[in-house]
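Structure first, then comments.
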Amino acid sequence: MAQSASAGPAKKLIQIDVSADTVCPWCFVGKKNLDKAIASSNDQYNFEIKWHPYFLNPSAPKEGVVKKDYYRNRFGPRAEQMESRMTEIFKGFGMEYDGDGLTGNTLDSHRLIYFAGHQGPDKQHKLVEELCLGYFTQGKYIGDRQFLVESARKVGLEGAAEFLEDPNNGLKEVNEELHKYSANISGVPYYVINGKHQLSGGQPPETFLRTFQTAASK
């Protein structure tokens, strides 16, 4: 429906580039907080969110390893504290953190996220949500082809199974995005808002809102 000239000024566009890994719990926490900030301010701004790859462990095995064993070997006694902390944080979002299942190489998930971006930023954003829900709350393995395809189906992403079938599909583009967006950062989640305002970590919604205001005023 056409708007009259008295409908007020056009909403400012907020572009958000997110570097993240699909096995990073803080990336999911950051996404939930980002979504809260967007929901409370989408009457002021239009949003365009793009997700970019990052590998917490580039050499993680493709076949997957038991999540609890992996974290115990990597973090020692801290692993249990980390799991308790995540359980508490996820509870705050009304979700149950699941520390069971496998973890491993995230390349295929990043290829799929790249592919989703070609069917629209909204579809890509929904796919990230679906992948994280499966991995963090349902014990799904991020490298499992069936899980990836099922997640794509749930968000209406077409052609996912065929795309993933060829291991070269999206590989060059994922590597290019890694170089462009993630080469100079040391951790995720990492956000660049309107090309120049940087945030990192699982920031609360208020921090995102303040950054939106700053970005929109420039």
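The values are calculated or read from the model by the stated rules, or taken from the named source; none is laboratory data. Keep in mind that what you see is a predicted model, and the values were worked out from it rather than measured. All Cβ positions, glycine included, derive from the backbone under ideal geometry; neighbour counts span all protein chains shown. Please note that ligands, DNA and RNA were not included when accessible areas were found on the heavy atoms of the full protein model with its side chains. Shrake-Rupley method; radii C 1.70, N 1.55, O 1.52, S 1.80 Å.
Listed by first and then second residue, the pairs linking a residue in segment 34-47 that is over 18 Å from Pro189 (Cβ atoms) to a residue that is open to solvent by 80 Å² or more (accessible area, probe 1.4 Å) and not aliphatic (A, V, I, L, M), with Cβ atoms under 7 Å apart and 6 or more places separating them unless they lie on different chains, are Gln44/Lys11; Tyr45/Lys11; Tyr45/Lys12; Asn46/Lys11. Kindly indicate whether Ala20 is over 24 Å from Gly139 (Cβ atoms), of a type outside the set (Phe, Trp, Tyr), at pLDDT 95 or above and open to solvent by less than 40 Å² (accessible area, probe 1.4 Å). The answer is no for Ala20. When segment 84-123 is filtered for residues that are among the β-branched types (Val, Ile, Thr) and surrounded by fewer than 18 Cβ atoms within 10 Å (Cβ to Cβ), the ones remaining, listed by number, are Thr87, Ile89. Scanning segment 86-122 for residues that are farther than 19 Å from Gly30 by Cβ and among the hydrophobic types (A, V, I, L, M, F, W, C) returns Leu102, Leu107, Leu112, Phe115.
Among the residues making up segment 84-99, those that are modelled with pLDDT of 95 or more and not hydroxyl-bearing (Ser, Thr, Tyr) are Arg85, Met86, Glu88, Ile89, Phe90, Lys91, Gly92, Phe93, Gly94, Met95, Glu96, Asp98.
Mind checking whether some residue in segment 52-64 is among the acidic types (Asp, Glu), exposed (fewer than 13 other Cβ atoms within 10 Å of the Cβ), within 30 Å of Arg145 (Cα to Cα) and modelled with pLDDT under 95? Among the residues of segment 52-64, at least one is among the acidic types (Asp, Glu), exposed (fewer than 13 other Cβ atoms within 10 Å of the Cβ), within 30 Å of Arg145 (Cα to Cα) and modelled with pLDDT under 95, which makes the answer yes.
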